[in-house]
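Derivation of every value follows stated rules applied to the coordinates shown; laboratory data play no part. Quick caveat: nothing in here was measured; it's all calculated off a predicted structure. Counting neighbours? That spans all protein chains shown, and the Cβs are built from the backbone with ideal geometry, glycine included.
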Amino acid sequence: MFGSTGSRTGLTFRLTILISILSILLFTVPTRAESKEAPSKTPAPVIGIDFGDSYTRVAVKINATVRVLADGDGERSIPSYVALTEEAFLVGKAAKDYLKVQPERVIFDFSNFLGQTFEEVKEKLERKPYEIFDNVGVLTVRVPQGRVAGKTEYSIEEALSKFFVGVKSFVETALGQEMKEVVLPVPSYFNERKRAALKNAVELAGLTVLRMPTAPVVAAMAYGFGLQTNGPIEAYHILVHDIGGQNHDVSVLELEEGVFDLLGNAHTHGEAGAAFTAAVMGLLLEQNDEEEFFHLFKNSKDFLQYDANLEQAKHDLFHQVTDKVEIDIPGLKGTIARSDLEDEIMSNSNPGALIEKALTKANLTNEDIDYVILVGGSSRISIMREVAEGFFGTAPFFDYNVDPAEAVAVGAAIQAHILSDDGNLPLLNVEVVGSAIGVQTIEEQGTILVESYSIIPVSRSKIFTTVHDSQQELTIQLFEQRLADEIPERVESDDDRYERRVIGIMRLSELPAAPRGKVKIEVTLEIDRYYNLRAQASHVETGNIVSLTLENGPPYGDKPGPEVLGIPEGSEVALVRDEAVKHDEL
């Protein structure tokens, strides 16, 4: 987070809730209302949805034109908020405005909680006005009991589904057609469990998710990459620098023969738009009495107005409307210069280091990059563009016909159009598995079968052997693995060790008695385009097979119990040994 030292650091930490985004779109959806199907003779188009930490944007491509949908006031960004009130649920600006009425009913910051356990997020809960608790392993929101008896508890996915019901209603009003199918991009750092949770929330809203491509890939498509239909198709290396409301993400893509491959990614939570707004607040507090301001702020019902003023000041400075801005609101009065704000941001973040980390993971240097794309609303600030230009020695590829805040939604709409009715373009492989998947071997080591960022569908096999003489049964543990710094809840750690969690266990029995290393077991992992994982282990000689299927991707963080998997508690069965390592027992 941003702020100089001492109280400034604590200040920005406490204000993350309040200064994350501008209030934009207003619409209300009654709790029991069902959207009416508008009569239309044309097929319903597939919609592209960019569900962001702070804003959600929706786009559709009809014929040759991509349209980012706007409301009656011309606003094209929906705050990613939902308010669960007594009589109705509110979405977007209406939900955010409801913070002034009953903040404990307003749910936001969904990305932090999707696919997570209570233990993983409990330290973040004290900064939220709503209540979250562990309901038998399911993160659940509890809202106050109102005058009207009704539901008071919603899983995170149920609460988010209300948001997508509102989005669906908005789109149907804008297009005059029923909305049925969507393309839903996800960030590179989303693991399979987060993907599954988001997909479930959208499906609970009555929508079908056709694809969940990786966001930087569809952003590249928005700028025209991968859409060539004739002539030689060149190979490119593209760096996508995405700075949104809460997250800062750098991805390295390779595009060859019309197929994208994600080579490397680096991500941090916090060094993005909300933190830049916090920097504005920090500079103002240096010119005012902090204690007096917090007294006014705590007792004010107009705290969203503070947010709007700070966001406007940031916008004017970053878009070079002016070199200085004057702010005069209760408790905060002063002047901020663009140069001071840029210095404040750069003293608390290191976008160059994030770029280097992504390049290192991709085994490339800055000289290997052909194009740099800036994506996300906060990427429009001049200092971030200057960092990219300084790092690569050339101005980034930047198409001003595409709003960087809308690039992911536009790219999703392009892919949706390809899926629905565009026969002139191939369907590109643009989905990858976010985490490495492997088999646990002895002494707490493991062997990766499916590398992270592998394009799906994918299938990998490997031969393993027994570790004991006369071993007639064994367990095969499947794990998901990521670098510790790729996990959002651990991004502040300098620990680059791998974090590994068991996602499934198979038991293979009735093996022939033989010396260790003689019995061979082939393990195959297959992940289809819907992120369903199927694992199979077979004894090479007898054909004895055991299999396991995990739908919608591995349940990250869950460790199946032996009673669920049919493994007797207390039974001693050995793990396998990777045959490729020969005599080294991993």
Set Lys and Arg Cβ to +1 and Asp and Glu Cβ to -1, take the dipole of the range 23-211 about its Cα centre, and tell me which of P45, V58, I78 lies farthest positive. P45
The extension gain from E286 to E389, computed as 0.36 nm times the residue separation minus the Cα-Cα distance, is 33.9 nm
For E178 and D340 in the same chain, what is the full-extension length gain: residue separation times 0.36 nm, less their Cα-Cα distance, in nm? 53.4 nm
Per-peptide average of other Cβ atoms within 10 Å, ordering 92-105, 511-524 highest first: 92-105, 511-524
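Starting from 0.36 nm per residue, how many nanometres of slack lie between A64 and D134 once their C-alpha separation is accounted for? If you can, show how the numbers build up before the last one.
Numbers: separation 70, 0.36 × 70 = 25.20 nm, distance 4.77 nm.
That pair, A64 and D134, stretches by 20.4 nm at full extension.
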Given R₀ = 35 Å, what would the calculated FRET efficiency be for S459 paired with T542, taking r from the Cβ atoms and rounding to 0.05? 0.95
Nothing charged except the Cβ atoms of Lys and Arg (+1) and of Asp and Glu (-1): what's the magnitude of the dipole of the range 23-211 about its Cα centre? Round to the nearest 20 debye. 380
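Ordered by packing density, taken as the mean number of other Cβ atoms within 10 Å over each peptide's residues, highest first, how do 403-409, 169-175 rank?
Working: 403-409: 25.9, 169-175: 19.3.
Ranked by mean Cβ neighbours within 10 Å, highest first: 403-409, 169-175.
Using r as the Cβ-Cβ distance of L125 and D323, and R0 as 41 Å, what FRET efficiency do you calculate, to the nearest 0.05? Kindly include the intermediate steps, with their values, before the conclusion.
Values: r = 41 Å, r/R0 = 0.99.
Step by step, r from the Cβ atoms, then E = 0.50.
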Binned Cα-Cα distances of the range 23-211, short to long, each 5 Å bin given as a whole percent: 1, 8, 16, 21, 21, 16, 10, 5, 2, 1, 0
Once you place label points 7 Å from the Cα toward the Cβ at H315 and A514, how far apart are they in nm? 7.0
